Every structure is written in structure tokens, then in C-alpha cells.
Amino acid sequence: MDNRPELERVPGWIGGFEQSNPAFAYPTVDLTSLPMPDNMFNIDRLQRQQAVKWPEFSWETQMGSADPKRCYQMFAPDISRLGYTDTGRVYSIICPQQGVTSPTLGTLNVEVTVTGTRGWVNEDTRELAAEMGVVGKVWFSPSAKQNFIVKKLWEKFESSGRPFPSKKSQAITITTSLVKEPEQPIFPLVKGQSQDFDIPDFAKHENEAWSVGHLKVQIGSIIKTGYPEVDRFNQFIIDVFNLGSGNMLQKENVLSWNVWFTAPQLVDQDEWARHAWVWRESINADHGSPEGEGTSAKYYDGTPFKPDFDAIKKQEEGKIFDLLKQEEGKEKDEILSFIKSKL
């Protein structure tokens with residue numbers, strides 16, 4: 001037995017849930033007989049957990065090109081967790097976050113937010129099978145308010161009572177779906193690493209992790225808020241976000257990630273609830289991750305993905321001009337004057 005600390009699981013495993021229904025078995029896992037409750041509803045049933053210490057994401061920065069220039073990036077560690085009973089029934093999954101910098105607007109947060117989940121874990125085989133629904137969420141970190149443009153936009157939206165994405169509860173929400181099935185919001189988390197593309201050594205953790213699973217989603221549309229001005233602004237923010245992130249949330253792009261787990265541990269339900277609340281309600285890139293930040297995006301050969309921030313800044317300013325053409329108020333004139341003073 002490998003006695004490295006990260007590979008030692010706590011006692012108490014019983015197992016058996018995977019075998020409770022023949023439909024749950026690989027290779028044709030069918031979990032539709034299970035309900036799919038909200039991710040936070042069953043914390044009182046959680047007994048065991050596996051932390052996702054290495055959430056390794058990947059996406060094409062130039063979707064549709066002959067060379068799509070695939071990127072790889074580990075999101076902030078020790079946020080995501082898989083929670084289940086001692087028989088192996090999955091009830092909750094916490095997903096990761098990362099920060100992205102805009103040269104014009106400052107720091108934006110991005111999170112993969114779980115809306116519901118179901119599935120099983122087998123600690124004896126180190127396998128799992130689950131299904132999830134997720135949405136992407138993007139919002140401003142508090143430090144962005146120090147940025148003149150964001151400060152003025154913030155004041156404009158707050159004074160009007162409109163839901164500016166200044167906090168996670170008002171985040172821009174982006175739908176996701178099963179790849180090539182935009183009407184299907186549920187998709188699988190399955191055992192092993194993704195076989196859809198080559199994975200560089202720096203994104204593998206075979207000598208450290210307890211086990212690994214993978215999943216992928218296709219990016220959909222922004223959910224409308226019911227306020228046309230806010231919807232225009234939110235689309236502008238996602239356009240800006242994609243400029244700096246290499247089109248991570250570009251509509252119809254596929255976001256994939258391998259989740260590398262540490263060994264099973266017991267769940268302290270109060271601690272789980274606090275952890276889930278912090279990351280669900282209040283955390284942002286300014287606060288940082290408890291186990292350090294994620295990695296910078298890189299190509300397969302290890303070359304860093306480096307956005308041309310000078311070019312992006314010009315594109316962002318052009319988009320701000322276009323956005324403000326449809327707005328009124330003193331903030332509009334102040335922002336335009338500020339941008340022109342920097343040209």
C-alpha cells in the first residue's frame with residue numbers, strides 16, 4: 001500500500017450504493033432513477049468527502065481554427081469537493097473559481113456553479129460516476145471598484161437599483177449543456193482523464209492524486225435579467241472576459257476539466273456548510289484561495305498564454321464607447337472623458 005499522506009483514506013467506508021442498481025454500472029451508466037436535488041439540500045447526509053486539489057481545465061482559445069490553440073489552466077485548489085455517504089451515494093459537489101484580469105476593468109471572478117447532482121463513488125475501485133447541472137458565473141472583485149470606470153458604472157447601476165454584477169448574488173449567469181445538445185443541461189462526471197485531447201504532463205497528477213474523473217460542458221447563452229441596459233452591460237462584460245481569458249466562455253466553446261482527488265476524509269457537516277457558503281456567497285479572487293492560487297493558462301508545450309493587453313485595452317475601450325452610446329447620465333460623460341484623457 002502507498003503510505004503517502006495524500007493517498008491514505010480514513011476508515012469507515014461501507015460501500016454498496018453503486019451495486020444497488022444494475023443501471024449504475026459502467027460502461028453504460030444510467031443515473032436517471034435518482035432525483036437531482038439542489039447541491040446544498042443534503043449536507044446533513046454527507047459522511048465522506050474527496051477534495052479536488054487539482055482542478056485542471058482546458059479549452060480552445062481559437063475555436064474553429066485549423067489550430068485552435070488549446071489552453072490548460074488549473075483553477076484555485078482546495079475549493080472543490082465531492083461529498084457522499086459511507087455507502088457511496090453522492091449528494092453534493094462544490095466547484096472551483098478563478099480570477100481573470102481585464103486591463104480596463106480590473107479583476108473579474110469566474111465560477112462553475114453546481115445547480116444539482118447525483119451519482120455514486122466506489123472507494124475500493126477508486127471510481128465514480130455522477131451527473132451535474134452547472135452554470136458559469138462572472139462578477140467583479142471588490143478591488144475593481146478602485147478602477148475609475150468600474151466605480152462610475154457601479155454608482156450608475158446602484159443608484160438606479162439595477163443588478164450590476166458587483167457581487168456573486170448578482171453575477172452574470174451563463175448556461176451550459178451537454179456537448180452538441182443545447183437543450184440538455186445535465187452532463188456526466190465520469191472516471192478517468194478526458195480522452196478528447198492530449199494532456200500535458202504539467203496537468204497530470206498521477207503520482208499524487210487518489211483518483212481522477214473528468215467532465216465537459218458546452219457554453220451557452222447569458223441568462224437575461226429583464227433589464228435591457230443590464231443585459232447589454234453583461235454581454236459587454238462577457239466579451240471583455242473572453243478577450244482576456246482566451247475565449248473560455250465563448251458561446252458554443254467546450255470547457256473541459258479533469259478533477260484530481262485527494263484521499264477520502266470524513267465530513268464535518270458544519271465545516272462543509274461554512275466552506276460551501278463562503279465559496280457560494282462571498283468569496284472572490286481578491287481574497288485568494290486557502291491553498292494558493294491556480295496556475296496561469298498555458299499551451300500544451302508549456303508556453304504561457306499571454307493576452308496582448310495593449311490590443312485588448314483598445315478593444316475594451318471601443319466596446320465601452322459602444323455601450324455608453326446607449327446610456328445617459330453624468331457617469332457616461334465622466335467615463336468617456338476619462339478614456340479620452342488616456343488615449
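Details
- Annotation: for a label point projected 7 angstrom from Cα along Cα→Cβ of GLU181, residues of the range 25-58 with backbone N closer than 13 Å are 29-32.
- Farthest towards the positive end of the charge dipole of the chain, among the residues TRP59, ALA130, LEU46, is the Cα of TRP59, using unit charges on the Cβ of Lys, Arg, Asp and Glu.
- Calculated mean residue ellipticity, 222 nm, the chain: -6500 deg cm²/dmol, from DSSP H runs (n ≥ 4) at -39500 (n - 2.57) each, averaged per residue and rounded to 500.
- Mean accessible surface per residue for the chain, computed with a 1.4 Å probe while every protein chain stays in place, in Å²: 46 Å²
- Greater than 27 Å apart at Cα, pairs in LYS53/LYS306; LYS53/LYS191; LYS180/LYS319: LYS180/LYS319
- For the range 83-223, the ratio of Cα radius of gyration to the globular rule of thumb 2.2 N^0.38 Å stands at 1.29.
- Ligands, DNA and RNA left out, the 1.4 Å accessible surface of the chain is 50% carbon and sulfur atoms.
- For the range 3-92, share of DSSP beta bridges that run antiparallel, in % to the nearest 5: 100 percent
- Positive-pole candidate from PRO142, ILE94, HIS205, dipole of the chain, charges at beta carbon: PRO142
The values are calculated or read from the model by the stated rules, or taken from the named source; none is laboratory data. Note that the coordinates shown come from a computational prediction; the quantities given were computed from them, not determined experimentally. So basically every Cβ, Gly included, is an ideal-geometry build from the backbone, and we count neighbours across all protein chains shown. We work out accessible area using only protein heavy atoms, side chains counted, and drop any ligands, DNA or RNA first. Shrake-Rupley method; radii C 1.70, N 1.55, O 1.52, S 1.80 Å.
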